[in-house]
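Everything below concerns the one structure shown next.
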Amino acid sequence: MSVDLPPSSTDPLDTFSVSRDCWPGGTLEMWRGGARAPRPSRVFWPEDEAGLLAVLQEASSRSVPVVPYGMGSGVCGGARGREGSWVIDTKRLRGLRPVDEDAWTVRVQAGVNGQELEDRLNEQGFTLGHSPSSISCSSVGGWASARSAGQFSSRYGVFEDMVLGLTAVTPSGVLRLGTHGDDDPAWMPMLLGSEGTLGVVTELTLRVWRAPETRWLRGYRFRTVEDALDAVRRLMQSELWPSVVRIYDPVDTGIGGKTRPKSAHPKREGFLRSWLKRVEKLDPVRRRTLALPLTLPGFVNTVFDAMASGCLLVVGWEGREEVVDAAVPAGRAILEERGEDLGSAPGHRWFESRHAVSYKLMPVFERGGFADTMEVSARWSSLPGVYRAVREAVRPFAVVLAHMSHVYPEGGSIYFSFAGKGDQRTYTALWEAAQSAALAAGASISHHHGVGSLKTRWASQEVGAAVEGWRAARDRLDPVGIMNPGRLFVPTPPSDAGPDPRLHEDDGLMRCALDETLEARAERAGHVGGELMFPWETLPAPPRWLRNHWEIGWSEVSARVQARHTRLGRGPRSAVGPDLRTWLVQQASGAAHCTVPVVPDGPRWMGRAKVDHPWTVARELLRSDLRPSVLTVIDGWLHVGFRGPAAAAFGALCDRWVRGGLEEVPYFAAPRPSGRLEACAIDDPRIVAVGSHHAARRHP
């Protein structure tokens, strides 16, 4: 090789170790003695950007496919080997700097293990707030590549919301974005979620939070999934911002015994469980335990449905103790209208086992079956229909259960779990039925697992003509096409998204034209009995490093491009490749439309105070775990306002925390500065971790 390349190996043991990820389809294939995963020809371990760039440029000159590889925890075949390819193993990119305690940021390289990062942050009194079930076997670079979401996403956001700066190496050179440099920031949403098809993310700057002072967890029993969904929707649209929200459907609740009362005959049941465990250890029994039921999935689903009754909701808040104490009573009032309080045990039981699922799938393969999961997302009004449609589609192929987590003001994610007969044809038919049903019901086909090679056809259908945005980016950054080819998107027949679906009042969304003024949007929101949740002057919202992570400027975006009506953002925080919404708007022929969050009428509170250094005070209020609906400075006066059932309680906290106190004034939705804004307390306006001064400046 003519250039100075980083350490590498062609040893079969090394190339085999990076030939597959945790995609259950690949595991089933291997376990049943089918075709082995395609074997790479060489694996590289770059230790810096220069070495990585050398590999990519050499591969381009030879037209050798390159597959980036983190820790192999992906479940969609995104890091699956390619015959004759070169693999970039990022595990030696392990730089991890101490937390910047002024900016509340941490700079970390892509190969760092997720649990190692969280442990180091905890030692310094901080948390990232990102807690996927795979945290101990996944890498920071993998999180960025697939637009990961953790189990506390309802409070801390999904991973892309935490990214303030990013460095990526592409065959065309190095990109430094956000807080990392001055390259075109439009590349940020393209690289996040690109799954190695545009380049390799090498380093990120992430916003962090103080480790929570307290954590409150609870379980509630609801009669139906619809009742639980309605309670959770109201919780999120009340701006109470819980950290954990998990609804287990009746089958999942019943199988786990999550709401089962204590037995009247504990000794008898204890003997039965002990006897069953002894029988289970007999090898002939163990190998056949799942064989019969999984050949009759329709019958088993019917039995489970008949036995199931009620569903469990696990909910929790965490953060500063005073803020949690103010939010919990308002949240409980909503939950206890229809939910039965089960106490703290279900919540703490979940918390202690929240990462265990990543290690429970292999026994199913050992015993003659397969196990897999599928996560989709949709608006509130669509979620019940998506839940029913996917379950019905999957019933002939596998036992199916579901839970719903990752919820936001405009909707949430359903996470389906499947167990079926260990047969490749059954597995393929299941995925065909499940993904097609999700698309037809109005969902996005991925919320946080990404696309990989498993979902390419359905991802291409969902993205439609906007796939040209990804292709244009690929042609620019990877003109030879060596980066993880065959992943994310594949050619599909041209299709039209059809008319934009009707919005339901439960969705908390309003459709508007992209060129509509703030005043016009605010007026229309008032006509439907609410106000804009985030009144940005123009759309989309500012880049993530200039706003708070919960401030979402738009959700769904629709426009005509290449004579086809295209709609993106079918479900909140979709992980179907890069975020192409801005590209779609820029390429639109004619008017483009989007949906924006709207808050219904309800309690309001606002106060103001004349304080020294008002932007510093505003930043500290945000860092106290409060999320004001209004936080701005007008002629030296700090204005802070809250909406929802806890508005007065949050205002009382601010009154105590702001030196000199706040005088209560009539609430108004969007106070506008009448003069020049005060000088910033932070020199670099891009470093705004945890929404410092610039988030409060959203009304220029």
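The values are calculated or read from the model by the stated rules, or taken from the named source; none is laboratory data. Nothing here was measured: the structure is a model prediction, and the numbers come from that model. Note: ideal-geometry Cβ built from the backbone for every residue, glycine included; neighbour counts use all protein chains shown.
Some notes on this structure:
- In this entry, residue 463 is excluded by the filter for residues that are closer than 29 Å to residue 40 by Cα and not assigned by TED's automatic domain parsing to the domain that holds residue 138.
- Here is the figure for the stretch 449-472: residues that are out of contact with any Gly (no Cβ under 7 Å at 6 or more places or on another chain) and crowded, with 23+ Cβ neighbours inside 10 Å total 5.
Residues checked against (1) among the aliphatic types (A, V, I, L, M); (2) modelled with pLDDT of 95 or more:
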{"position": "594", "(1), (2)": "no, yes"}
{"position": "608", "(1), (2)": "no, no"}
{"position": "614", "(1), (2)": "no, no"}
{"position": "621", "(1), (2)": "yes, no"}
{"position": "630", "(1), (2)": "yes, no"}
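- Qualifying residue in the stretch 172-191 (condition: surrounded by 24 or more Cβ atoms within 10 Å (Cβ to Cβ), among the β-branched types (Val, Ile, Thr) and at pLDDT 95 or above): no
- Remark: residue 449 falls outside the filter, which requires a residue to be outside the structural domain of residue 627 (by TED's automatic domain parsing) and closer than 23 Å to residue 591 by Cα.
- Any chance residue 591 is touching an Asp or Glu at 6+ places or on another chain (Cβ under 9 Å), without any contact (Cβ under 8 Å) to a residue 60 or more places away in the chain and not assigned by TED's automatic domain parsing to the domain that holds residue 145: no
- Test: residue in the stretch 513-520 that is in contact (Cβ under 8 Å) with a residue 24 or more places away in the chain and crowded, with 19+ Cβ neighbours inside 10 Å: no
- Count - residues of the stretch 52-72 that are of a type in the set (Gly, Ala, Ser) and in contact with a strand residue (DSSP E or B) (Cβ under 8 Å, 6 or more places away or on another chain): 2
- Cβ pairs under 7 Å, 6+ apart, first in the stretch 536-565 and closer than 23 Å to residue 177 by Cβ, second of a type in the set (Ser, Thr, Tyr) and assigned to a strand (DSSP E or B): 554/595
- Answer from 591, 575, 559 - the residue that is assigned to a loop (DSSP other than H, G, I, E, B) and crowded, with 23+ Cβ neighbours inside 10 Å: 575
- Considering 102, 119, the condition of being at pLDDT below 95 and surrounded by fewer than 19 Cβ atoms within 10 Å (Cβ to Cβ) is satisfied by 102 alone.
- Restricting 272, 290, 294 to residues that are at pLDDT below 80 and surrounded by fewer than 16 Cβ atoms within 10 Å (Cβ to Cβ) narrows the list to 272.
- Qualifying residue in the stretch 76-89 (condition: closer than 30 Å to residue 545 by Cα, polar (S, T, N, Q) and modelled with pLDDT of 95 or more): no
- Residue 39 meets all of the listed conditions (1) surrounded by fewer than 24 Cβ atoms within 10 Å (Cβ to Cβ); (2) farther than 25 Å from residue 372 by Cβ but one, namely (2).
- Residue check, residue 569 crowded, with 19+ Cβ neighbours inside 10 Å and closer than 21 Å to residue 187 by Cα: yes
- Selection within the stretch 597-644 - farther than 27 Å from residue 212 by Cβ, within 26 Å of the chain's Cα centre (by Cα) and surrounded by fewer than 22 Cβ atoms within 10 Å (Cβ to Cβ): 600
- Any hit, the stretch 148-169, residues being more than 28 Å from residue 378 (Cα to Cα), of a type outside the set (Val, Ile, Thr) and out of contact with any His (no Cβ under 7 Å at 6 or more places or on another chain): yes
- Residues that are closer than 13 Å to residue 196 by Cβ and assigned to a loop (DSSP other than H, G, I, E, B) within the stretch 73-88 comprise 74, 76, 77, 78, 79, 80, 81, 82, 85, listed in sequence order.
- Every residue from the stretch 433-451 that is over 20 Å from residue 501 (Cα atoms), among the small types (Gly, Ala, Ser) and part of a loop (DSSP other than H, G, I, E, B): 450
- Verdict on residue 25 being surrounded by fewer than 22 Cβ atoms within 10 Å (Cβ to Cβ), touching a Leu at 6+ places or on another chain (Cβ under 8 Å) and touching a residue at least 12 places away in the same chain (Cβ under 8 Å): yes
This table checks each residue for (1) touching a helix residue (DSSP H, G or I) at 6+ places or on another chain (Cβ under 6 Å); (2) farther than 24 Å from residue 532 by Cβ.
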| site | (1), (2) |
| --- | --- |
| 572 | no, no |
| 586 | no, no |
| 592 | yes, no |
| 605 | yes, no |
| 609 | no, yes |
| 613 | no, yes |
